[in-house]
Amino acid sequence: MERRYASHPNEVKQFDTARLRQEFHIPTLFTPDRLELVLTHEDRMIIGGAAPVREEVKLEVDLKELGVAYFLERRELGAINVGGPGSIVVDGAAYELEHKDCLFVGMGSKEVIFKSKDAANPAKFYLNSAPAHKSFPTAKTTLAEAESGALGSIENSNERTIHRFIHENGIQSSQLVMGMTQLKTGNMWNTMPAHVHPRRMEAYMYFDLPEDAVVFHLMGEPNETRHIVMRNEQAVISPSWSIHSGVGTSNYTFIWGMAGDNKAYADMDAVPMKDLK
């Protein structure tokens, strides 16, 4: 498990492209038959992926990094399958996940195993984990069952559907919030006008991108914006003080995950367009 430290905005405004990517960009999430994890000191979120192909993958790390007896002793986990059919086995109970289904695994679960149904079309489980102070039941939701709503317009090139999986009115958690945003064909912008939410950090994972397409992920303080070029199935860490918006060379889908002081999805501080620099 790789470790990333938190950064102050006064430092970040001086970063070049390589340093920005080193601190915030997560290029590799899905390595066949392996677990890939990054621990960020931004609210102690763990971001990663499990890609079982011919072998099952267990949720196991060097526990000295977390100071616990097992991974979810004091944590909770959200997993969204962005690949083929698969399953997650939690303490012996199997949960089948189709493409874009979500599973929440509560604090105290001791054994978590990721499996694919077909090695020719393997599952890819995108993972977010946050510290927890209370245990909530393991629960699954499908894309069709999620609370969904339409936002934006084709005139502004941001017509999209937001699906909320782990949130106040959905799967219950201690602090983790997760969902998915799908941009419709011909739309490229997300989360613009921009906002910040100083009470929560966020992570994005972009996917459903063609091989030759990119997303320009915008970050930084509203008056000191920077960008990171993102490709398919890559993630980015967004500190609580940073905007988190993007524009692609085609439409795309992204998974958002948050952790912090509250779980209120609408708790955000809007940034007027005239203040962006």
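The values are calculated or read from the model by the stated rules, or taken from the named source; none is laboratory data. Please read all numbers here as calculations on a predicted model, not as lab measurements. Cβ coordinates were reconstructed from backbone atoms using ideal geometry, including for glycine residues, and neighbour counts include every protein chain displayed. With ligands, DNA and RNA removed, areas are computed over all heavy atoms of the protein, side chains included. Shrake-Rupley method; radii C 1.70, N 1.55, O 1.52, S 1.80 Å.
How large is the Rg to Rh ratio of the chain when both quantities use alpha carbon positions and Rh follows Kirkwood? Display every interim value, and only then the final one.
On the way: Rg = 17.7 Å, Rh = 18.8 Å.
My calculation puts Rg/Rh at 0.94.
Using only DSSP helix segments of four residues or longer, with each worth -39500 (n - 2.57), what per-residue ellipticity at 222 nm results for the chain after dividing by its residue count and rounding to 500? Could you put the intermediate results ahead of the total?
Working: 2 runs with 12 residues, N = 277.
Only helices count here, giving -1000 deg cm²/dmol.
How big is the accessible area of M1 in square angstrom, nearest 10, if you roll a 1.4 angstrom probe over the protein chains?
The accessible area comes out at roughly 80 Å².
Would region 1-146 count as rounded, prolate or oblate if I go by the C-alpha gyration tensor, calling it rounded below 1.5 in a/c and otherwise prolate when a/b exceeds b/c, oblate otherwise? Kindly include the intermediate steps, with their values, before the conclusion.
Details: a/c = 1.88, a/b = 1.44, b/c = 1.31.
Judged from the Cα gyration tensor, region 1-146 comes out prolate (a/c at least 1.5, a/b above b/c).
Taking the simple approach of a point 7 Å from Cα along Cα-to-Cβ for both D33 and D275, what is their distance in nm?
Between D33 and D275, the label points sit 5.2 nm apart.
Which of the trypsin sites (Lys or Arg not before Pro) found in region 1-81 are loop residues per DSSP with 11 or fewer other Cβ atoms within 10 Å of their Cβ? Present the calculation step by step, with values, prior to reporting the outcome.
On the way: sites: R3, R4, K13, R19, R21, R34, R44, R54, K58, K64, R74, R75; in loops: K13, R34, R44, R54, R74.
Of the trypsin sites (Lys or Arg not before Pro), the ones in loops of region 1-81 whose Cβ has at most 11 other Cβ atoms within 10 Å are R54.
Mind checking region 80-138 for trypsin sites (Lys or Arg not before Pro) that DSSP puts in a loop (not H, G, I, E or B) and that have at most 14 other Cβ atoms within 10 Å? Write down the numbers at each step before the final one.
Details: sites: K100, K110, K115, K117, K124, K134; in loops: K100, K110, K117, K124, K134.
Answer by residue number: K110, K134.
So if each residue of separation counts as 0.36 nm, and I subtract the Cα-Cα distance between T142 and E60, what length gain in nm does that give? Intermediate values should be presented prior to the final figure.
On the way: separation 82, 0.36 × 82 = 29.52 nm, distance 2.58 nm.
Between T142 and E60, full extension yields 26.9 nm more.
So if I take the centroid of the Cα atoms in region 1-63 and the same for region 82-136, what is the distance between those two points in Å?
18
How much net charge surrounds E145 when only other residues with a Cβ under 13 Å from its Cβ are counted (Lys, Arg +1; Asp, Glu -1)? List each step's numbers first, then the result.
Details: positive: K100, K140, R164; negative: E98, D101, E147.
With Lys, Arg at +1 and Asp, Glu at -1, the neighbours total 0.
Counting only DSSP beta bridges with both residues in the chain, tell me the antiparallel percent, nearest 5.
Numbers: 83 of 87 bridges.
Close to 95 percent.
Among the lysines, which fall within straight-line cross-link reach of K277, defined as a Cα-Cα distance under 22 Å, with same-chain neighbours fewer than 8 residues apart omitted?
Correct list for K277: K13.
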